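Undergrad: Have a look at this one before I ask anything.
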Amino acid sequence: MLRKTPKTIAVALISAVGLSGCVPQSGIAASGATPRVNQSGERIDVITPVSALPEGASDPRSRSGVAFAFQAQGSEQGIPIVLVPGLGLSSSMFTETPDGRSSWAQAFAAAGHTTYVYNDPSILYDAESEPESGASRWSASRAWTTWGMGPEYGSAYPDAQYPVENFDRLVESFPYHVSYGDGGRGASGGDTSVALKSANLEALMDDRCPCVLAVHSASGPTGFDLAERRPDLVAGLILLEPVGAPTDAAKVESVYRTIPTLGVYGDYIAQRRQSGRKEAVETMLGIINDSGGSSEMIDLPAMGIAGNSHLMSQDRNSNEIAQLILGWIDKTVP
């Protein structure tokens, strides 16, 4: 059976002019440097109840996440939004940009949505130096090519939307992160690491939601696990180039048919080796639509908007993308 193609939101944007061949400034953070984070939201220390921990979870630090709340502004209060960064990225990817602009947390709050930006237990948010032998951080060269700044480190795509001239400030913001997974199985069949993150995210959302949940990159499995266990907490789902989109028709129809879902994709997907991820999202959205649910796709290159990176919330046109997402929420999410 042919799947219905998810609708693409067709809104014209004026793309910012990209920079070609930009080499990052000097001063990229050394491995022991303190991550630079500029937060203005209200801090929430998120502790997973012991009763909610998956079997085999023994490290007490795996219970602790950190979130920041940006309170809704204006008289009309919209549905809250939860933003979950991908692997090895802190909440700063949604609160600031390397060139000094605010990001989606402030844009969503200004539109009337209390917004929570989240650091899962794998993010050692308060670490000021390398805390243990198992901790790691993204390297500058790997991040550059993996996230679509350019084809090789120091060489930017000619239409790059990311402020690559300030790339060193992004590197400085990378937090230390660890894995608490032990190879065991979580509540929804995933590994223990996903189950730990999902349980902690549930602790944040439990008395604050239903919310629109936005998952980025490798936080996809965390969001999918939570949606499948606690669909009552997820009023809408935003997939920002995620890992692990489910493609089993029976699962998608039973869980996601009643959750409005939006996919969001930037540029250079093939060069970033993320074609398989995108195809999985497209399959998922098609199944949702076939089963009578609601899904759409913001495919920026298909809309004539070139050069967006994996970190769309920090790209030069990040605010325009935020407005597209807000338009979808206002139109689609109850």
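The values are calculated or read from the model by the stated rules, or taken from the named source; none is laboratory data. In this text the structure is predicted, and so the values were computed from the model without any measurement. So basically every Cβ, Gly included, is an ideal-geometry build from the backbone, and we count neighbours across all protein chains shown.
Undergrad: Being hydrophobic (A, V, I, L, M, F, W, C) and buried (at least 24 other Cβ atoms within 10 Å of the Cβ) is the requirement here; does LEU83 meet it? Talk me through it step by step, then tell me what you get.
TA: Details: hydrophobic (A, V, I, L, M, F, W, C): yes; buried (at least 24 other Cβ atoms within 10 Å of the Cβ): yes.
Answer is yes for this residue.
Undergrad: Name every residue in the range 86-113 that is surrounded by fewer than 21 Cβ atoms within 10 Å (Cβ to Cβ) and more than 29 Å from PHE167 (Cα to Cα), in order of residue number.
TA: GLY112
Undergrad: Give the residues of the range 275-296 that are under 21 Å from the mean Cα position of the chain (by Cα) and either surrounded by fewer than 22 Cβ atoms within 10 Å (Cβ to Cβ) or small (Gly, Ala, Ser) (or both), sorted by residue number.
TA: Correct list: SER275, GLY276, ARG277, LYS278, GLU279, ALA280, GLU282, THR283, SER294, SER295, GLU296.
Undergrad: Going through the range 284-311 one residue at a time, which ones are farther than 24 Å from ALA105 by Cβ and in contact with a Lys or Arg (Cβ under 7 Å, 6 or more places away or on another chain)?
TA: GLY286, ILE287, ILE288, ASN289, ASP290, SER291, GLY292, GLY293
Undergrad: Based on this model, can you work out whether ASP182 counts as assigned to a loop (DSSP other than H, G, I, E, B), at pLDDT below 95, surrounded by fewer than 24 Cβ atoms within 10 Å (Cβ to Cβ) and touching a Gly at 6+ places or on another chain (Cβ under 7 Å)?
TA: Spelling it out, ASP182 is indeed assigned to a loop (DSSP other than H, G, I, E, B), at pLDDT below 95, surrounded by fewer than 24 Cβ atoms within 10 Å (Cβ to Cβ) and touching a Gly at 6+ places or on another chain (Cβ under 7 Å).
Undergrad: Being surrounded by fewer than 21 Cβ atoms within 10 Å (Cβ to Cβ), over 21 Å from ARG273 (Cα atoms), of a type outside the set (Ser, Thr, Tyr) and at pLDDT 90 or above is the requirement here; does ASP168 meet it?
TA: So ASP168 fits the description; yes.
Undergrad: Only residues that are aliphatic (A, V, I, L, M) and either out of contact with any strand residue (DSSP E or B) (no Cβ under 9 Å at 6 or more places or on another chain) or surrounded by 23 or more Cβ atoms within 10 Å (Cβ to Cβ) (or both): list them for the range 254-272, please.
TA: Result: VAL255, LEU262, VAL264, ILE269, ALA270.
Undergrad: Give the range 248-274 a look and list any residue that's of a type in the set (Asp, Glu) and under 19 Å from the mean Cα position of the chain (by Cα), or say none.
TA: ASP267 - this is the single residue of the range 248-274 that is of a type in the set (Asp, Glu) and under 19 Å from the mean Cα position of the chain (by Cα).
Undergrad: Scanning for something under 30 Å from ALA160 (Cβ atoms), crowded, with 24+ Cβ neighbours inside 10 Å, of a type in the set (Ser, Thr, Tyr) and within 19 Å of the chain's Cα centre (by Cα), does the range 218-229 turn up at least one residue?
TA: yes
Undergrad: Quick one: TYR268 ticks every box in (1) part of a loop (DSSP other than H, G, I, E, B); (2) of a type in the set (Ser, Thr, Tyr); (3) closer than 19 Å to ALA109 by Cα except a single one, so which number is it?
TA: Failed condition: (3).
Undergrad: Among the residues in the range 60-70, are any modelled with pLDDT under 75, in contact with a Gly (Cβ under 8 Å, 6 or more places away or on another chain) and loosely packed, with under 15 Cβ neighbours inside 10 Å?
TA: No, there is no match, as no residue in the range 60-70 is modelled with pLDDT under 75, in contact with a Gly (Cβ under 8 Å, 6 or more places away or on another chain) and loosely packed, with under 15 Cβ neighbours inside 10 Å.
Undergrad: Determine whether LYS251 is at pLDDT 95 or above and either at negative phi or buried (at least 24 other Cβ atoms within 10 Å of the Cβ) (or both). First the steps, then the outcome.
TA: Working: at pLDDT 95 or above: yes; either at negative phi or buried (at least 24 other Cβ atoms within 10 Å of the Cβ) (or both): yes.
So LYS251 passes the test.
Undergrad: Which numbered condition in (1) of a type in the set (Gly, Ala, Ser); (2) modelled with pLDDT of 95 or more; (3) more than 16 Å from the chain's Cα centre (by Cα) is the only one that ALA105 fails?
TA: (3)
Undergrad: Can you find even one residue in the range 280-293 that is acidic (Asp, Glu), farther than 18 Å from LEU213 by Cα and not in a loop (DSSP other than H, G, I, E, B)?
TA: Yes, the range 280-293 contains at least one residue that is acidic (Asp, Glu), farther than 18 Å from LEU213 by Cα and not in a loop (DSSP other than H, G, I, E, B).
Undergrad: Are there any pairs, at least 6 apart or on different chains, whose C-beta atoms fall under 8 Å, with the first in the range 142-159 and over 14 Å from ASN308 (Cβ atoms) and the second among the charged types (D, E, K, R), and if so, which?
TA: Going by the 8 Å Cβ cut-off, the qualifying pairs are TRP144/GLU152; THR145/GLU152; THR145/ARG272; THR146/ARG272.
Undergrad: Picking from ALA127, ALA109, which residue would you name as being in contact with a strand residue (DSSP E or B) (Cβ under 6 Å, 6 or more places away or on another chain) and either in contact (Cβ under 8 Å) with a residue 12 or more places away in the chain or in a helix (DSSP H, G or I) (or both)?
TA: Result: ALA109 is the single residue among ALA127, ALA109 that is in contact with a strand residue (DSSP E or B) (Cβ under 6 Å, 6 or more places away or on another chain) and either in contact (Cβ under 8 Å) with a residue 12 or more places away in the chain or in a helix (DSSP H, G or I) (or both).
Undergrad: If the Cβ limit is 6 Å and pairs must be 6+ apart or interchain, which residue in the range 264-278 that is farther than 12 Å from PRO242 by Cβ pairs with which residue that is of a type in the set (Gly, Ala, Ser)?
TA: Sorted first by the residue in the range 264-278, then by its partner, the pairs are GLY266/SER309; ASP267/ALA306; ASP267/GLY307; TYR268/GLY148; ILE269/SER275; ARG272/GLY148.
Undergrad: For the range 316-323, check the following and say yes or no: at least one residue is part of a helix (DSSP H, G or I), farther than 24 Å from THR97 by Cβ and in contact (Cβ under 8 Å) with a residue 60 or more places away in the chain.
TA: Residues of the range 316-323 that are part of a helix (DSSP H, G or I), as a first pass: 318-323.
Checking which are farther than 24 Å from THR97 by Cβ leaves us with none.
No, there is no match, as no residue in the range 316-323 is part of a helix (DSSP H, G or I), farther than 24 Å from THR97 by Cβ and in contact (Cβ under 8 Å) with a residue 60 or more places away in the chain.
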